[in-house]
Amino acid sequence: MTRLGADLFWKKVDKSGACWNWTAALKPNGYGHFATGPNGGQKAHLAHRFSYELTVGPIPEGLVLDHKCRNRRCVNPDHLEAVTQRENLLRGDTFQAANAAKTHCPEGHPYTGDNLIVNNRGSRVCRACKRRTDRRSYAARSTAAPPSPSAWSSRADGTARAPELPRAHRGR
C-alpha cells in the first residue's frame, strides 16, 4: 500500500464521532468500498478491511472482521475485531444468533442437561417434546386396523391377492 493510497483512503473517512464513518461509495449491504491502483490495474477493497490492515496488520487467515459497534460504515480499527465467521454471525442480528440465544423450547422446557438433544444437523431439540411427538406418532400407527380378509380379491388364476396395506402396517 502506497502512502498516496492511504492518504486518499483517510480523506473519505469522517472521524468526528466514536465511529469513523466511510463517506464514499457503499455496497448494497451497507459496507464501504473503493479501488486502489492505476487505471486498468485497480484492486477493489472493503473499507473496514483496508482500515484494519492499514492500522493493525493482516487479518488472520480463517477469520473475518466483526464491527463491535454494529455500524457497517465504521472503519475505526478500535471497533473492529478479527473473529471466526460463526462468532460474527452469533454476535449479529441474524437468524442464527436469535436461535442460539433461546434457552427454552416453545413449550417452555429448558435446552439444558438431559433434556437437550443435538441432532445430526447441529440443531437443538427438546427431549420432552420429541418424546411426546414420538408417542403420538406410535399411537397413530398402532391404532390403524389392517384390512379384513373380505377385502382380498381373486386373480384370474384363482389365487387370492392381498390388498394394499396402510403405510403404518407395511414391513411389520
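Only lysines eight or more places from Lys27 in sequence, or on another chain, were considered; those with a Cα closer than 26 Å are Lys11, Lys12, Lys15, Lys43, Lys68. Model label points for Asp93 and Asp7, set 7 angstrom from Cα along the Cα-to-Cβ axis, are 3.9 nm apart. Scanning residues 5 or more positions from Trp20 or on other chains, those with amide H under 5 Å from its amide H are Val75, Asn76, with H placed 1.01 Å from N in the peptide plane.
Taking a ≥ b ≥ c as the square roots of the Cα gyration tensor eigenvalues, segment 102-142 comes out prolate, since a/c reaches at least 1.5 and a/b is larger than b/c.
The amide H of Cys105, built 1.01 Å from its N in the peptide plane, has Tyr111 as neighbours under 5 Å, considering only residues 5 or more places off or on other chains.
How would you classify segment 25-144 from its alpha-carbon gyration tensor, with a ≥ b ≥ c the square roots of the eigenvalues: rounded for a/c under 1.5, else prolate if a/b is greater than b/c, otherwise oblate?
Numbers: a/c = 3.84, a/b = 3.01, b/c = 1.27.
Here segment 25-144 falls in the prolate category.
Whole-Hz Karplus values for segment 90-100 come out as 6, 7, x, 9, 10, 4, 4, 5, 4, 5, 5 Hz, taken residue by residue from phi with 6.51 cos²θ - 1.76 cosθ + 1.60 and θ = phi - 60°; glycine and proline positions read x. Counting beta carbons within 10 Å around each of Glu53, Glu107 and listing the fewest first gives the order Glu107, Glu53.
Bear in mind that the values in this text are calculations on the coordinates, not laboratory data. Remember, it's a predicted structure, so these values are computed and weren't measured experimentally. Because the Cβ atoms are built from the backbone with ideal geometry, glycine has one as well, and the counts that use them run over all protein chains shown.
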